[in-house]
Amino acid sequence: MHDTLSSLVERALVGSPRPLEFYLREHSGLPGPHANINLANDVSSLLAASLPQHADKVRSVLNYWMSNESKTVVSNTPAGFVVLCGVLAFGFCAAACPEWRDEAFVHLKQYASSPFWKVCDFVAMAYQRLLQADAHTTLVQLMELAHSGNYLLQRAAVTTLAEPQLFYSTDLVVPALEVQRVVLAYMHAVPAWERRREDFRILRRALGHTVSVVTAAAPEEGFALLSECATWNDTDITWILRENLRKKRLAKFIRDFVRNSEVLAPLLD
């Protein structure tokens, strides 16, 4: 972590937030395919570490980043990166300070409704930080998103739990699989005319990746879910299953769970 960033955070906390904002913009990596996640993590860590002495000042910085017109600037721009740093930092701060968590969940739900992939990625990272601090409460929030019937909120739920590092603790594997199951079942119930919506397609693309991540952590249970879904004869669900079965992370399980399966083996063709 650079001394420059630490110095700029200190200046922001004493009432000069603009130099830090300009630094984040300059080093955002945007516009471009990848935002500077390391920088976002570093500034979030510094702000969370400042909470014991400067809680009100940290809140002022985050409010400055996430307020007024900036709320709509969440696309592939340097200004949008500043907002995303605020989203992530709120998660870090709420993980460190339980009194912030209710407010953090409100903010994260708001930003989870964005169609932009980068926003969802930062929301997921914030939820993941909160999972490490308070798994029970955060899982309740994610399950509410999964049951919401809102495709973008459901995308945030499945994306948050598609992180291999979370599964170093096996306590999260079963809930993660259940969130995938709930959202897949919701998708299966969506009528054909509604599946042309862009937010439905966004959720479908996310599930084309997330199910395999959880399945790799719990192969027996995961492939049982895949097999169940394959019996639905649902074209969108079948697309999701095919996409997940193509992932390299599942290659070592194909022989044991797929080759001799009447419902999954045809999806390899």
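In terms of Cα atoms, the Rg and Dmax of the range 135-269 work out to 14.1, 42 Å. FRET efficiency for the pair residue 37 and residue 260, taken as 1/(1 + (r/R0)^6) with r the Cβ-Cβ distance and R0 = 51 Å, rounds to 0.80. Using a cutoff of 8 angstrom between alpha carbon atoms and counting only pairs six or more residues apart, the relative contact order for the range 27-102 works out to 39 percent.
In the range 1-133, Cα pairs under 8 Å separated by at least six residues give a relative contact order of 23 percent. With loop membership from DSSP and a limit of 14 other Cβ atoms within 10 Å, the longest segment of the chain without trypsin sites (Lys or Arg not before Pro) is 1-196. Taking GluC sites (Glu not before Pro) across the range 189-269, the ones in a DSSP loop with at most 16 further Cβ atoms lying within 10 angstrom of their Cβ are 262.
Report the paramagnetic label zone for residue 189: residues of the range 121-154 whose backbone N is under 12 Å from a point 7 Å from Cα along the Cα-to-Cβ axis. Inside the label zone: 147-150. Summarised as an ellipsoid, the range 13-166 has semi-axes of 23, 19, 13 Å, derived from the eigenvalues of the Cα gyration tensor scaled by 5 and square-rooted, with the largest first. Between 0 and 90 degrees, the angle of helix 151-160 with respect to the longest Cα principal axis of the chain falls at about 80 degrees. Under 20 °C and 1.002 mPa s, how fast does the chain diffuse according to Stokes-Einstein, given a Kirkwood radius computed over C-alpha pairs? Answer in µm²/s, whole number. D = 110 µm²/s.
Listed by chain and number, the aspartates and glutamates whose C-alpha is less than 18 Å from the C-alpha of residue 247, apart from same-chain residues fewer than 8 away, are 163, 220, 221, 236, 256, 269. Stretching the chain fully between residue 247 and residue 117 yields a gain of 44.8 nm (0.36 nm per residue, less the alpha carbon separation). With Rh defined as the Kirkwood radius, the inverse of the mean 1/r over Cα pairs, the Rg/Rh of the range 42-128 is 0.94. Considering only alpha-carbon pairs that sit under 8 angstrom and 6 or more positions apart, the relative contact order computed for the range 58-217 is 19 percent.
Where the centre of each part is set by its Cα atoms, how far does the range 117-136 sit from the range 190-269, in angstrom? For the range 117-136 versus the range 190-269, the Cα centre distance is 24 Å.
Values in this text are rule-based calculations from the coordinates and carry no lab data. Quick caveat, the model's predicted, so the values are computed rather than measured. Cβ: placed from backbone, ideal geometry, glycine included. Neighbour counts: every protein chain shown.
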